[in-house]
Amino acid sequence: MTRIVPAELPNGASAWRSKAREIAVREVVPLAAAIDREDRVPERVVSALREGGLFGLGIPRAWDGSGGDARSIAAVLEELARGSAAVAVLLAVHLSVCASPILEWGTDAQREKYLRPLARGGGIGAFGLTEPNAGSDAASLATRYAREASGFRLRGTKMFTSNGVSAGAILVFATRDPALGHGGISAFIVPPGTPGFSVSQRLDKLGLRGSETTELVLENVPVPPDALLGPEGAGLKVALSALAGGRIGIASCALGVAEAAFEEMLRSVRANDEPWKRTLVARAFTDLASARALVATAAERRDAGAPSATEASAAKLVASRAAVSIASSGIDVAGAEGVRSHAVAARLLRDARVFPIVEGTTEIQELILGRHLLDPARFPNI
Ligand SMILES: Cc1cc2nc3c(=O)[nH]c(=O)nc-3n(C[C@H](O)[C@H](O)[C@H](O)COP(=O)(O)OP(=O)(O)OC[C@H]3O[C@@H](n4cnc5c(N)ncnc54)[C@H](O)[C@@H]3O)c2cc1C
(Lines give C-alpha, C1' and ligand atoms only; values in the text may rest on other atoms or scores of the structure.)
Protein backbone atom coordinates (compact mmCIF):
# COMPACT_ATOMS: atom_id res chain seq x y z
CA MET A 1 0.00 0.00 0.00
CA THR A 2 1.27 3.50 -0.78
CA ARG A 3 2.18 5.20 2.47
CA ILE A 4 0.39 8.37 3.52
CA VAL A 5 3.69 10.15 4.10
CA PRO A 6 4.50 13.68 3.02
CA ALA A 7 6.95 14.54 0.30
CA GLU A 8 9.99 15.54 2.33
CA LEU A 9 12.61 18.11 1.67
CA PRO A 10 15.92 16.41 0.95
CA ASN A 11 17.29 16.94 4.46
CA GLY A 12 18.65 14.31 6.84
CA ALA A 13 15.16 13.47 8.12
CA SER A 14 14.41 11.37 5.03
CA ALA A 15 17.43 9.15 5.63
CA TRP A 16 16.51 8.70 9.29
CA ARG A 17 12.92 7.93 8.33
CA SER A 18 14.10 5.21 5.93
CA LYS A 19 16.37 3.69 8.55
CA ALA A 20 13.62 3.68 11.20
CA ARG A 21 11.11 2.22 8.73
CA GLU A 22 13.55 -0.57 7.91
CA ILE A 23 14.06 -1.35 11.63
CA ALA A 24 10.31 -1.16 12.28
CA VAL A 25 9.42 -3.52 9.43
CA ARG A 26 12.20 -6.01 10.25
CA GLU A 27 12.21 -5.99 14.07
CA VAL A 28 9.16 -4.24 15.49
CA VAL A 29 6.09 -5.10 13.39
CA PRO A 30 6.58 -8.89 13.73
CA LEU A 31 6.76 -8.54 17.53
CA ALA A 32 4.10 -5.86 18.07
CA ALA A 33 1.38 -8.27 19.21
CA ALA A 34 3.80 -10.06 21.58
CA ILE A 35 5.02 -6.74 23.02
CA ASP A 36 1.41 -5.88 23.85
CA ARG A 37 0.48 -9.34 25.14
CA GLU A 38 3.61 -9.89 27.25
CA ASP A 39 3.96 -6.23 28.27
CA ARG A 40 7.66 -6.25 27.43
CA VAL A 41 9.92 -4.85 24.70
CA PRO A 42 12.39 -7.65 23.84
CA GLU A 43 16.12 -6.97 24.09
CA ARG A 44 16.55 -7.66 20.36
CA VAL A 45 14.37 -4.62 19.58
CA VAL A 46 16.39 -2.43 21.95
CA SER A 47 19.59 -3.77 20.32
CA ALA A 48 18.24 -2.89 16.85
CA LEU A 49 17.56 0.70 18.00
CA ARG A 50 21.04 0.84 19.52
CA GLU A 51 22.78 -0.56 16.43
CA GLY A 52 20.84 1.86 14.24
CA GLY A 53 22.20 4.77 16.30
CA LEU A 54 18.69 5.83 17.30
CA PHE A 55 19.56 6.33 20.99
CA GLY A 56 21.97 9.08 19.87
CA LEU A 57 19.53 11.02 17.67
CA GLY A 58 19.61 14.76 18.19
CA ILE A 59 22.87 14.46 20.14
CA PRO A 60 26.02 15.90 18.51
CA ARG A 61 28.67 13.45 17.36
CA ALA A 62 31.11 15.09 19.80
CA TRP A 63 29.13 13.32 22.56
CA ASP A 64 28.94 10.02 20.66
CA GLY A 65 25.50 10.95 19.32
CA SER A 66 24.21 10.39 15.81
CA GLY A 67 23.35 14.00 14.95
CA GLY A 68 19.94 14.64 13.40
CA ASP A 69 17.40 17.35 14.12
CA ALA A 70 13.85 17.58 15.49
CA ARG A 71 12.40 16.59 12.09
CA SER A 72 14.60 13.48 12.09
CA ILE A 73 13.45 12.54 15.60
CA ALA A 74 9.80 13.13 14.63
CA ALA A 75 10.14 10.95 11.52
CA VAL A 76 11.84 8.13 13.45
CA LEU A 77 9.27 8.12 16.26
CA GLU A 78 6.39 8.12 13.78
CA GLU A 79 7.84 5.14 11.88
CA LEU A 80 8.50 3.17 15.07
CA ALA A 81 5.02 3.95 16.44
CA ARG A 82 3.42 2.61 13.26
CA GLY A 83 4.92 -0.70 14.39
CA SER A 84 4.60 -0.45 18.18
CA ALA A 85 3.65 2.56 20.26
CA ALA A 86 5.58 1.15 23.24
CA VAL A 87 8.86 0.99 21.30
CA ALA A 88 8.42 4.55 20.06
CA VAL A 89 7.63 5.87 23.54
CA LEU A 90 10.70 4.12 24.98
CA LEU A 91 12.86 6.09 22.55
CA ALA A 92 10.84 9.33 22.82
CA VAL A 93 11.30 9.51 26.60
CA HIS A 94 15.01 8.64 26.36
CA LEU A 95 15.70 11.31 23.72
CA SER A 96 13.34 14.16 24.52
CA VAL A 97 13.04 14.32 28.28
CA CYS A 98 16.32 12.80 29.44
CA ALA A 99 19.18 13.10 26.91
CA SER A 100 18.02 16.44 25.46
CA PRO A 101 17.81 18.31 28.81
CA ILE A 102 21.24 16.94 29.81
CA LEU A 103 22.61 18.26 26.51
CA GLU A 104 20.86 21.60 26.99
CA TRP A 105 21.38 22.20 30.71
CA GLY A 106 24.44 20.07 31.55
CA THR A 107 28.05 21.13 31.89
CA ASP A 108 30.65 19.48 29.66
CA ALA A 109 31.67 17.30 32.62
CA GLN A 110 28.03 16.14 33.02
CA ARG A 111 27.72 15.52 29.30
CA GLU A 112 30.88 13.43 29.44
CA LYS A 113 29.69 11.41 32.42
CA TYR A 114 25.95 11.04 31.75
CA LEU A 115 25.16 11.97 28.13
CA ARG A 116 27.86 10.00 26.34
CA PRO A 117 26.65 6.59 27.60
CA LEU A 118 23.01 7.54 26.87
CA ALA A 119 23.91 8.59 23.31
CA ARG A 120 25.55 5.21 22.68
CA GLY A 121 22.49 3.40 24.02
CA GLY A 122 24.56 2.15 26.97
CA GLY A 123 21.61 3.08 29.20
CA ILE A 124 18.04 4.20 28.59
CA GLY A 125 16.95 7.61 29.84
CA ALA A 126 13.96 8.29 32.11
CA PHE A 127 12.20 11.36 33.53
CA GLY A 128 10.72 11.40 37.02
CA LEU A 129 8.47 14.42 37.51
CA THR A 130 5.00 12.98 38.27
CA GLU A 131 4.24 11.81 41.82
CA PRO A 132 1.27 10.10 43.47
CA ASN A 133 -0.11 13.56 44.37
CA ALA A 134 1.47 15.74 41.67
CA GLY A 135 0.50 15.23 38.01
CA SER A 136 -0.74 18.18 35.97
CA ASP A 137 0.31 20.51 38.78
CA ALA A 138 3.93 19.39 38.76
CA ALA A 139 4.99 22.32 40.95
CA SER A 140 3.21 20.67 43.90
CA LEU A 141 5.71 17.79 43.94
CA ALA A 142 6.76 16.53 47.38
CA THR A 143 10.04 14.68 46.74
CA ARG A 144 12.60 16.45 48.92
CA TYR A 145 16.31 17.01 48.61
CA ALA A 146 18.78 18.12 51.23
CA ARG A 147 22.27 19.44 50.77
CA GLU A 148 25.07 17.65 52.58
CA ALA A 149 28.86 17.83 52.56
CA SER A 150 29.24 15.14 49.88
CA GLY A 151 26.42 16.35 47.60
CA PHE A 152 22.65 15.87 48.02
CA ARG A 153 20.20 13.36 49.44
CA LEU A 154 16.81 12.65 47.77
CA ARG A 155 13.69 11.30 49.45
CA GLY A 156 10.27 10.68 47.91
CA THR A 157 8.15 8.66 45.48
CA LYS A 158 7.85 9.10 41.71
CA MET A 159 4.85 7.74 39.83
CA PHE A 160 4.28 6.69 36.20
CA THR A 161 8.00 6.95 35.35
CA SER A 162 8.46 5.45 31.87
CA ASN A 163 11.55 3.25 31.25
CA GLY A 164 11.87 2.95 35.04
CA VAL A 165 13.00 -0.69 35.15
CA SER A 166 15.66 -0.48 32.44
CA ALA A 167 16.81 3.09 33.03
CA GLY A 168 20.51 3.91 32.99
CA ALA A 169 19.86 7.48 34.17
CA ILE A 170 16.75 9.17 35.54
CA LEU A 171 16.09 12.89 35.82
CA VAL A 172 14.50 13.33 39.24
CA PHE A 173 12.82 16.59 40.23
CA ALA A 174 12.78 17.44 43.93
CA THR A 175 12.17 20.42 46.18
CA ARG A 176 14.41 21.79 48.90
CA ASP A 177 11.32 23.08 50.70
CA PRO A 178 7.74 23.09 49.34
CA ALA A 179 7.25 26.55 50.93
CA LEU A 180 9.69 27.94 48.31
CA GLY A 181 7.24 27.07 45.48
CA HIS A 182 8.65 26.87 41.94
CA GLY A 183 11.99 28.29 43.02
CA GLY A 184 12.58 25.43 45.46
CA ILE A 185 12.64 22.74 42.76
CA SER A 186 15.89 21.37 41.34
CA ALA A 187 16.70 18.65 38.78
CA PHE A 188 19.05 15.76 39.53
CA ILE A 189 20.52 13.00 37.38
CA VAL A 190 20.19 9.77 39.34
CA PRO A 191 21.77 6.47 38.28
CA PRO A 192 19.33 3.72 39.35
CA GLY A 193 21.99 1.56 41.09
CA THR A 194 22.37 4.19 43.82
CA PRO A 195 21.68 2.84 47.36
CA GLY A 196 18.16 3.67 48.54
CA PHE A 197 16.74 3.69 45.01
CA SER A 198 14.17 1.04 44.10
CA VAL A 199 11.47 0.28 41.54
CA SER A 200 8.57 -0.42 43.89
CA GLN A 201 5.95 -1.25 41.23
CA ARG A 202 5.65 -1.87 37.54
CA LEU A 203 2.17 -0.70 36.56
CA ASP A 204 -0.18 -2.76 34.40
CA LYS A 205 -1.94 -0.59 31.81
CA LEU A 206 -4.76 -0.46 29.25
CA GLY A 207 -2.44 0.56 26.42
CA LEU A 208 1.22 1.27 25.64
CA ARG A 209 1.82 -2.17 27.05
CA GLY A 210 5.51 -2.98 26.78
CA SER A 211 6.45 0.51 27.92
CA GLU A 212 7.74 0.19 31.50
CA THR A 213 5.54 2.47 33.58
CA THR A 214 6.81 2.40 37.13
CA GLU A 215 6.64 3.72 40.66
CA LEU A 216 10.07 4.62 42.03
CA VAL A 217 11.00 5.05 45.66
CA LEU A 218 13.97 7.15 46.76
CA GLU A 219 14.88 6.54 50.38
CA ASN A 220 17.57 9.06 51.25
CA VAL A 221 19.40 8.42 48.00
CA PRO A 222 22.85 10.06 48.08
CA VAL A 223 23.99 11.75 44.86
CA PRO A 224 27.24 13.65 44.16
CA PRO A 225 27.34 17.44 43.57
CA ASP A 226 27.55 16.88 39.80
CA ALA A 227 24.10 15.20 39.85
CA LEU A 228 22.50 18.66 40.01
CA LEU A 229 21.36 19.55 36.46
CA GLY A 230 21.11 23.27 35.75
CA PRO A 231 21.22 25.88 38.51
CA GLU A 232 19.80 24.99 41.91
CA GLY A 233 16.16 26.15 41.96
CA ALA A 234 15.79 25.98 38.16
CA GLY A 235 14.34 22.45 38.16
CA LEU A 236 10.87 23.42 37.00
CA LYS A 237 12.38 25.36 34.07
CA VAL A 238 14.42 22.27 33.15
CA ALA A 239 11.27 20.11 33.34
CA LEU A 240 9.05 22.47 31.36
CA SER A 241 11.62 23.05 28.61
CA ALA A 242 12.13 19.28 28.33
CA LEU A 243 8.37 18.74 28.10
CA ALA A 244 7.95 21.41 25.39
CA GLY A 245 10.39 19.44 23.19
CA GLY A 246 8.98 16.14 24.41
CA ARG A 247 5.51 17.03 23.19
CA ILE A 248 6.73 17.03 19.57
CA GLY A 249 8.04 13.52 20.26
CA ILE A 250 4.80 12.29 21.84
CA ALA A 251 2.80 13.93 19.03
CA SER A 252 4.97 12.01 16.53
CA CYS A 253 4.29 8.74 18.37
CA ALA A 254 0.54 9.49 18.31
CA LEU A 255 0.82 10.31 14.60
CA GLY A 256 2.40 6.90 13.94
CA VAL A 257 -0.46 5.17 15.79
CA ALA A 258 -3.01 7.31 13.89
CA GLU A 259 -1.43 6.28 10.63
CA ALA A 260 -1.39 2.59 11.55
CA ALA A 261 -5.07 2.87 12.52
CA PHE A 262 -5.87 4.60 9.22
CA GLU A 263 -4.16 1.85 7.23
CA GLU A 264 -5.94 -0.85 9.26
CA MET A 265 -9.24 0.91 8.63
CA LEU A 266 -8.63 1.12 4.86
CA ARG A 267 -7.87 -2.61 4.75
CA SER A 268 -11.08 -3.33 6.60
CA VAL A 269 -13.22 -1.05 4.40
CA ARG A 270 -11.72 -2.43 1.20
CA ALA A 271 -12.69 -5.91 2.32
CA ASN A 272 -16.26 -4.81 3.02
CA ASP A 273 -16.99 -1.45 1.42
CA GLU A 274 -20.14 0.52 2.31
CA PRO A 275 -20.96 4.22 1.80
CA TRP A 276 -21.11 5.11 5.55
CA LYS A 277 -17.65 3.63 6.02
CA ARG A 278 -16.28 5.95 3.34
CA THR A 279 -17.41 8.92 5.42
CA LEU A 280 -15.32 7.62 8.34
CA VAL A 281 -12.34 7.11 6.02
CA ALA A 282 -12.68 10.70 4.77
CA ARG A 283 -12.78 12.07 8.33
CA ALA A 284 -9.82 9.92 9.36
CA PHE A 285 -7.78 11.13 6.41
CA THR A 286 -8.36 14.80 7.24
CA ASP A 287 -7.59 14.22 10.94
CA LEU A 288 -4.37 12.46 9.97
CA ALA A 289 -3.35 15.21 7.55
CA SER A 290 -4.01 17.94 10.17
CA ALA A 291 -1.96 16.10 12.78
CA ARG A 292 0.88 15.56 10.32
CA ALA A 293 0.96 19.24 9.34
CA LEU A 294 1.10 20.38 12.98
CA VAL A 295 3.87 17.94 13.90
CA ALA A 296 5.90 19.07 10.87
CA THR A 297 5.38 22.76 11.73
CA ALA A 298 6.44 22.28 15.37
CA ALA A 299 9.56 20.31 14.39
CA GLU A 300 10.51 22.78 11.64
CA ARG A 301 10.20 25.72 14.03
CA ARG A 302 12.32 23.95 16.62
CA ASP A 303 15.00 23.20 14.02
CA ALA A 304 14.93 26.84 12.88
CA GLY A 305 15.45 28.00 16.48
CA ALA A 306 12.03 29.74 16.46
CA PRO A 307 9.72 29.51 19.51
CA SER A 308 7.90 26.18 19.14
CA ALA A 309 6.15 25.50 22.47
CA THR A 310 2.73 26.66 21.17
CA GLU A 311 3.03 24.52 18.05
CA ALA A 312 4.27 21.55 20.12
CA SER A 313 1.20 21.77 22.38
CA ALA A 314 -1.11 22.07 19.37
CA ALA A 315 0.58 19.12 17.66
CA LYS A 316 0.36 16.98 20.80
CA LEU A 317 -3.30 17.85 21.32
CA VAL A 318 -4.36 17.27 17.70
CA ALA A 319 -2.23 14.16 17.04
CA SER A 320 -3.36 12.38 20.20
CA ARG A 321 -6.99 13.28 19.47
CA ALA A 322 -6.60 12.05 15.86
CA ALA A 323 -5.09 8.76 17.05
CA VAL A 324 -8.04 8.12 19.39
CA SER A 325 -10.65 9.17 16.85
CA ILE A 326 -9.20 7.18 13.92
CA ALA A 327 -8.59 4.08 16.06
CA SER A 328 -12.15 4.32 17.39
CA SER A 329 -13.59 4.62 13.85
CA GLY A 330 -11.44 1.61 12.98
CA ILE A 331 -13.43 -0.40 15.51
CA ASP A 332 -16.69 0.92 14.00
CA VAL A 333 -15.78 -0.34 10.55
CA ALA A 334 -14.35 -3.63 11.84
CA GLY A 335 -17.40 -4.42 13.97
CA ALA A 336 -17.21 -7.26 16.50
CA GLU A 337 -13.88 -8.55 15.18
CA GLY A 338 -12.34 -5.21 16.09
CA VAL A 339 -13.04 -5.57 19.80
CA ARG A 340 -11.57 -9.02 20.21
CA SER A 341 -8.85 -8.48 22.77
CA HIS A 342 -5.88 -9.19 20.52
CA ALA A 343 -7.29 -7.58 17.37
CA VAL A 344 -4.91 -5.03 15.85
CA ALA A 345 -7.73 -2.45 15.86
CA ALA A 346 -8.26 -3.01 19.60
CA ARG A 347 -4.54 -2.65 20.37
CA LEU A 348 -4.34 0.57 18.37
CA LEU A 349 -7.29 2.06 20.27
CA ARG A 350 -5.83 1.04 23.65
CA ASP A 351 -2.46 2.55 22.69
CA ALA A 352 -4.02 5.69 21.25
CA ARG A 353 -6.05 6.32 24.41
CA VAL A 354 -2.92 6.90 26.49
CA PHE A 355 -1.56 9.75 24.34
CA PRO A 356 -4.04 12.43 25.48
CA ILE A 357 -2.68 11.89 29.03
CA VAL A 358 1.12 11.56 28.81
CA GLU A 359 3.41 14.63 28.91
CA GLY A 360 0.52 16.94 29.74
CA THR A 361 -3.15 16.11 29.27
CA THR A 362 -5.34 17.59 26.54
CA GLU A 363 -6.85 20.03 29.06
CA ILE A 364 -3.35 21.18 30.04
CA GLN A 365 -2.45 21.70 26.36
CA GLU A 366 -5.60 23.83 26.02
CA LEU A 367 -4.55 25.89 29.05
CA ILE A 368 -1.06 26.37 27.58
CA LEU A 369 -2.49 27.33 24.18
CA GLY A 370 -4.92 29.78 25.77
CA ARG A 371 -2.08 31.43 27.70
CA HIS A 372 0.24 31.64 24.69
CA LEU A 373 -2.42 32.83 22.23
CA LEU A 374 -3.73 35.57 24.52
CA ASP A 375 -0.26 36.93 25.15
CA PRO A 376 -0.41 40.35 23.37
CA ALA A 377 3.05 39.67 21.91
CA ARG A 378 1.67 36.74 19.96
CA PHE A 379 -0.63 38.72 17.64
CA PRO A 380 0.57 42.33 18.12
CA ASN A 381 -1.53 43.73 15.24
CA ILE A 382 -4.89 42.57 16.60
C1 LIG B 1 1.71 5.61 30.23
C2 LIG B 1 2.14 6.81 30.99
C3 LIG B 1 3.49 7.16 31.00
C4 LIG B 1 3.91 8.27 31.74
N5 LIG B 1 5.26 8.56 31.79
C6 LIG B 1 5.68 9.55 32.60
C7 LIG B 1 7.09 9.77 32.77
O8 LIG B 1 7.93 9.12 32.16
N9 LIG B 1 7.49 10.74 33.65
C10 LIG B 1 6.59 11.49 34.35
O11 LIG B 1 7.01 12.34 35.13
N12 LIG B 1 5.25 11.30 34.21
C13 LIG B 1 4.78 10.34 33.35
N14 LIG B 1 3.44 10.12 33.21
C15 LIG B 1 2.50 10.92 33.98
C16 LIG B 1 1.72 11.91 33.14
O17 LIG B 1 2.55 12.94 32.69
C18 LIG B 1 0.58 12.40 34.03
O19 LIG B 1 -0.33 11.30 34.11
C20 LIG B 1 -0.12 13.61 33.49
O21 LIG B 1 0.71 14.73 33.63
C22 LIG B 1 -1.45 13.89 34.20
O23 LIG B 1 -1.32 13.82 35.57
P24 LIG B 1 -2.33 12.94 36.45
O25 LIG B 1 -2.38 11.59 35.84
O26 LIG B 1 -1.91 13.04 37.85
O27 LIG B 1 -3.73 13.60 36.24
P28 LIG B 1 -4.33 14.85 37.03
O29 LIG B 1 -3.37 15.99 37.00
O30 LIG B 1 -4.84 14.39 38.34
O31 LIG B 1 -5.56 15.23 36.10
C32 LIG B 1 -6.78 14.47 36.10
C33 LIG B 1 -7.72 15.15 35.11
O34 LIG B 1 -7.94 16.50 35.50
C35 LIG B 1 -7.61 17.39 34.43
N36 LIG B 1 -7.02 18.60 34.96
C37 LIG B 1 -6.01 18.68 35.87
N38 LIG B 1 -5.71 19.98 36.11
C39 LIG B 1 -6.55 20.73 35.33
C40 LIG B 1 -6.73 22.13 35.13
N41 LIG B 1 -5.98 23.03 35.78
N42 LIG B 1 -7.68 22.53 34.25
C43 LIG B 1 -8.44 21.62 33.56
N44 LIG B 1 -8.31 20.27 33.73
C45 LIG B 1 -7.37 19.84 34.60
C46 LIG B 1 -6.61 16.62 33.58
O47 LIG B 1 -6.60 17.08 32.25
C48 LIG B 1 -7.14 15.19 33.70
O49 LIG B 1 -8.16 15.00 32.77
C50 LIG B 1 2.97 9.05 32.46
C51 LIG B 1 1.61 8.72 32.42
C52 LIG B 1 1.20 7.61 31.69
C53 LIG B 1 -0.26 7.28 31.68
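The values are calculated or read from the model by the stated rules, or taken from the named source; none is laboratory data. For clarity, every value in this text was computed on a predicted model and none was experimentally measured. Ideal geometry is used to build each Cβ from the backbone, glycine not excepted, and the neighbour counts take in all protein chains shown.
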Given the options 99, 109, name the one that is more than 10 Å from the ligand (Cβ to nearest atom), modelled with pLDDT of 95 or more and within 16 Å of residue 66 (Cβ to Cβ). 99
Failed item, numbered, when residue 203 is tested on (1) more than 20 Å from residue 60 (Cα to Cα); (2) within 18 Å of the chain's Cα centre (by Cα); (3) surrounded by 17 or more Cβ atoms within 10 Å (Cβ to Cβ); (4) among the hydrophobic types (A, V, I, L, M, F, W, C): (3)
Verdict on residue 154 being within 16 Å of the ligand (Cβ to nearest atom) and over 20 Å from the mean Cα position of the chain (by Cα): yes
When segment 332-367 is checked residue by residue, the ones that are within 16 Å of the ligand (Cβ to nearest atom), buried (at least 22 other Cβ atoms within 10 Å of the Cβ) and assigned to a helix (DSSP H, G or I) are 347, 348, 349, 351, 352, 354, 365
Looking only at segment 368-378, which residues are crowded, with 16+ Cβ neighbours inside 10 Å and over 15 Å from residue 247 (Cα atoms)? 372
Check 187, 149 and return the single one that is small (Gly, Ala, Ser), within 16 Å of the ligand (Cβ to nearest atom) and either free of Cβ contacts under 8 Å to residues at least 40 places away in the same chain or at negative phi (or both). 187
Kindly list, by first and then second residue, each pair from a residue in segment 122-145 that is over 24 Å from residue 90 (Cα atoms) to a residue that is within 6 Å of the ligand (Cβ to nearest atom) and assigned to a loop (DSSP other than H, G, I, E, B), limited to pairs with Cβ atoms under 6 Å and residues at least 6 apart or on different chains. none
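Can you tell me which residues in segment 160-184 are of a type outside the set (Ser, Thr, Tyr) and buried (at least 19 other Cβ atoms within 10 Å of the Cβ)? Talk me through it step by step, then tell me what you get.
We begin by selecting, within segment 160-184, every residue of a type outside the set (Ser, Thr, Tyr); these are 160, 163-165, 167-174, 176-184.
160, 163, 164, 167, 168, 169, 170, 171, 172, 173, 174, 184 - these are the residues of segment 160-184 that are of a type outside the set (Ser, Thr, Tyr) and buried (at least 19 other Cβ atoms within 10 Å of the Cβ).
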